[in-house]
Amino acid sequence: MAVEVAQGLDTRLKNRVARKGHPAASRAFEWGVLFTGGCVVLGGYADAWAHGHTNVDTFFTPWHGVLYTGVLLVMVFFGATIVRNWLKGYSLNRAVPAGYQLSLLGALLFPFGGMGDMTWHLIFGIETGLDAALSPTHLLMALAFGLVVSGPLRGRWRSREANQTYSSQVPMLVSICLTISTFTLIMQQVHPAIKLPMPSSVSSRAADLDNMLTIVGIIVMTTIYMGFILLAVRRWQLLPGSLTIILLPNLTLLSFMRDNYLIIAAGLVIGLILDALLYFLKPSTNRAGMLHLFGFLMPVATFLVYFLTLMMVGRLNWSIHLWLGSTAVTGLTGWLVSYLILPPPLPIGEN
């Protein structure tokens, strides 16, 4: 068997014809990146869940096992892709499809992040809370996560394909979802799905500071979500259900971090409402006014549902001034982000 494999490889090497450019990103390749990269992201959330629900006192845990199994899958997948495309005639520095070079860099960063993380734990111990979010080795791993899973988004951005079918749009939407999920994994301490509002009935400096941190988290998360979604709206005409595909899996993962499962139901309602806004407003570069209006209405609708959901289950003790004002601030934030994504045109003749 080994002899036959060696002979087959020798034949392919002899018949190898040099090719220019990059290989095309097939659907199978896109889903391969998303599956292996998604395993890593899920492993990251499983590890974060374990830190919040169990006593983790060692690097060698089942949760790290899940995470690094995903890492191994990513590295094997990209390694096999490079070898296969090199045998087809592509040079080694062009052996992955266009737009996926940074994903390859992310895969190459994994060994450094993994070994560094183990060494960091052995020297400085196991981090918890905010320490875990800002640990240098965790930030390096998060960077690698994001570079890998954002590959289909970058690849689709460069593609000339019409991208107006679900089969072509869904990989890009899942890529956005996983990329956002990488941000929210690291920044979960201030995410409103986890950092729920504290009662405002008790007037104290500590309560005011905690509530201000919650509002800052709401604004930061609004900026991240709106940046990615408006970027997609500017580039493509998103199909119905697109925003639910982006938001619901991310909010579902976050709901497990502090057992706030009501966020899943709220996420479904939010996704449906935002998809309705997308359908009726039809924001695009040719409808700049609608794009800016969408940038305002999307976070307003999101946080109205969020606060009303908390109110219905008795978990919102903020005054109407605080929660309604915070909602208005998210709308202004989304509106300003929309002008970064699609700024007004310059006067004619001015560079």
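For (1) touching a helix residue (DSSP H, G or I) at 6+ places or on another chain (Cβ under 6 Å); (2) among the acidic types (Asp, Glu); (3) open to solvent by 20 Å² or more (accessible area, probe 1.4 Å), each residue gets a yes or a no:
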{"residue": "GLY52", "(1), (2), (3)": "no, no, yes"}
{"residue": "ASN55", "(1), (2), (3)": "no, no, yes"}
{"residue": "THR69", "(1), (2), (3)": "no, no, yes"}
{"residue": "MET75", "(1), (2), (3)": "yes, no, yes"}
{"residue": "THR81", "(1), (2), (3)": "no, no, no"}
{"residue": "GLY106", "(1), (2), (3)": "yes, no, no"}
{"residue": "ILE126", "(1), (2), (3)": "no, no, yes"}
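Could you pull out the residue among THR223, THR214 that is out of contact with any Gly (no Cβ under 7 Å at 6 or more places or on another chain), open to solvent by 40 Å² or more (accessible area, probe 1.4 Å) and in a helix (DSSP H, G or I)? Show your work before the answer.
Numbers: THR214 fails: open to solvent by 40 Å² or more (accessible area, probe 1.4 Å).
On inspection, the qualifying residue turns out to be THR223.
Please work out if ALA328 is at pLDDT 95 or above and under 13 Å from ILE229 (Cβ atoms).
Working: at pLDDT 95 or above: yes; under 13 Å from ILE229 (Cβ atoms): no.
In short, no.
Only one of these is at pLDDT 95 or above and over 22 Å from VAL149 (Cα atoms): LEU243, LEU230, LEU209, LEU272. Name it. Working first, answer last.
Details: LEU243 fails: over 22 Å from VAL149 (Cα atoms); LEU230 fails: over 22 Å from VAL149 (Cα atoms); LEU209 fails: at pLDDT 95 or above.
LEU272 is the lone residue from the list that is at pLDDT 95 or above and over 22 Å from VAL149 (Cα atoms).
Does GLY89 satisfy the condition of being part of a helix (DSSP H, G or I) and surrounded by 13 or more Cβ atoms within 10 Å (Cβ to Cβ)? Break it down stepwise before answering.
On the way: part of a helix (DSSP H, G or I): no; surrounded by 13 or more Cβ atoms within 10 Å (Cβ to Cβ): yes.
Spelling it out, it is not the case that GLY89 is part of a helix (DSSP H, G or I) and surrounded by 13 or more Cβ atoms within 10 Å (Cβ to Cβ).
Among the candidates ALA144, ALA193, single out the residue that is hydrophobic (A, V, I, L, M, F, W, C), in a helix (DSSP H, G or I) and touching a helix residue (DSSP H, G or I) at 6+ places or on another chain (Cβ under 9 Å).
Numbers: ALA193 fails: in a helix (DSSP H, G or I).
Unique residue meeting the criteria: ALA144.
For the range 235-247, how many residues meet the condition of being in a helix (DSSP H, G or I) and surrounded by fewer than 19 Cβ atoms within 10 Å (Cβ to Cβ)?
Our first condition is that a residue be in a helix (DSSP H, G or I); within the range 235-247, this holds for 235, 242-247.
Applying the additional criterion that residues be surrounded by fewer than 19 Cβ atoms within 10 Å (Cβ to Cβ) yields 235.
Number of matching residues: 1.
The values are calculated or read from the model by the stated rules, or taken from the named source; none is laboratory data. All of these numbers come straight from a predicted model, not from anything done at the bench. For neighbour counting, all protein chains shown are included, and Cβ atoms are generated from backbone atoms with ideal geometry for every residue, glycine included. In case anyone asks, the SASA skips ligands and DNA or RNA and just uses the protein heavy atoms, side chains included. Shrake-Rupley method; radii C 1.70, N 1.55, O 1.52, S 1.80 Å.
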